[in-house]
Amino acid sequence: MRLAERGGRRFASQRTSPCATGDDGGLRANLTCPVTDDPADFCPAFTPPPYPITRGQTFAVLPFGNFAVTIQVNGAELKAMLEQGFSSMPGANGRFPQVGGMCVTYDIQAAALNRVTGAVRQAADGTCTGTALDLSAGASYVLATNDFTAVGGDGYPNFASRVTSDGTTLEQALADYVVAAGTLDPTVQGRIVCTDSNTGAAPACPIILP
């Protein structure tokens, strides 16, 4: 999903929005081809590095045919979406949010649906040093997400009546991005920050793996 604050201008499609979030359950594979060759997949045999990315892999990552859509939400509704995403932590659940263009902090010790402590815009250099997002009902945003999440999948709020889409699937958007970029050099940017207000009690924040 992508997020763009409204301020006297309109965003024509999901591709123009500067922030994003989506449910973790929609991601089903690694983007790069596996090192061990499988004759049944769509990847060539190779010796890394580099690690190739094929169209078959973009379909493996996003196999459900979901569409990229936009919805208008206020800050409180955005917070409710994020709260739903973190509500099952530390348990593994497909509702866990994946965000981009913004950085979100939550307290794992707080009660479910009351864990988000703040969010900021992600700076152009990828750091979490942008301006704070207003998570009150007085702020208004255009949020880009997938159709599953937008209509209440995984227990998210249902915004079906607000959905707008240009018909682009998430897989197509990913494939277009990979082709345009040519070579990807990903880094862990730390857009989701877990805090623990009571380190002496369970649950604890998850360990981030490289």
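Readers should treat all values here as calculations from the given coordinates under stated rules, not as data from a laboratory. The shown structure was predicted, so the numbers you read here are calculated from the model rather than taken from an experiment. FYI the Cβ positions are ideal-geometry reconstructions off the backbone, even for glycines, and counts take in every protein chain you see.
At a glance:
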quantity	calculated
Degrees, to the nearest 10: 170-181 long Cα axis against longest axis of the chain	70 degrees
Angle between the chain longest axis and helix 75-86 axis [Cα atoms, degrees, rounded to 10]	60 degrees
Inter-part distance where the stretch 117-163 and the stretch 52-92 are each reduced to a Cα centre, Å	11 Å
Calculated FRET value between A204 and Q72, using beta carbons and R₀ = 35 Å, to 0.05	0.45
5 angstrom amide H check on T169, placed H, neighbours 5+ away	A68
³J(HN,Hα) computed for each position of the stretch 139-148 - Karplus, 6.51 cos²θ - 1.76 cosθ + 1.60, integer Hz, glycine/proline x	9, 10, 9, 9, 10, 9, 8, 8, 5, 4
The stretch 186-200 - phi-based ³J(HN,Hα) in whole Hz, Karplus 6.51/-1.76/1.60, Gly and Pro as x	x, 9, 7, 9, x, 6, 10, 10, 8, 10, 10, 6, 9, 5, x
Computed helical MRE - 222 nm, the chain, DSSP H runs ≥ 4 contributing -39500 (n - 2.57), nearest 500	-4500 deg cm²/dmol
Net charge over other residues, Cβ less than 11 angstrom from the Cβ of M81 (K, R count +1; D, E count -1)	-2
The stretch 54-117: relative contact order as a whole-number percent, Cα under 8 Å and 6+ apart	29 percent
Relative contact order (percent, whole number), the chain, Cα cutoff 8 Å, 6+ residue spacing	28 percent
Net charge over other residues, Cβ less than 14 angstrom from the Cβ of G152 (K, R count +1; D, E count -1)	-2
Extension gain, T129 back to D196 (0.36 nm per residue minus Cα-Cα distance, nm)	22.0 nm
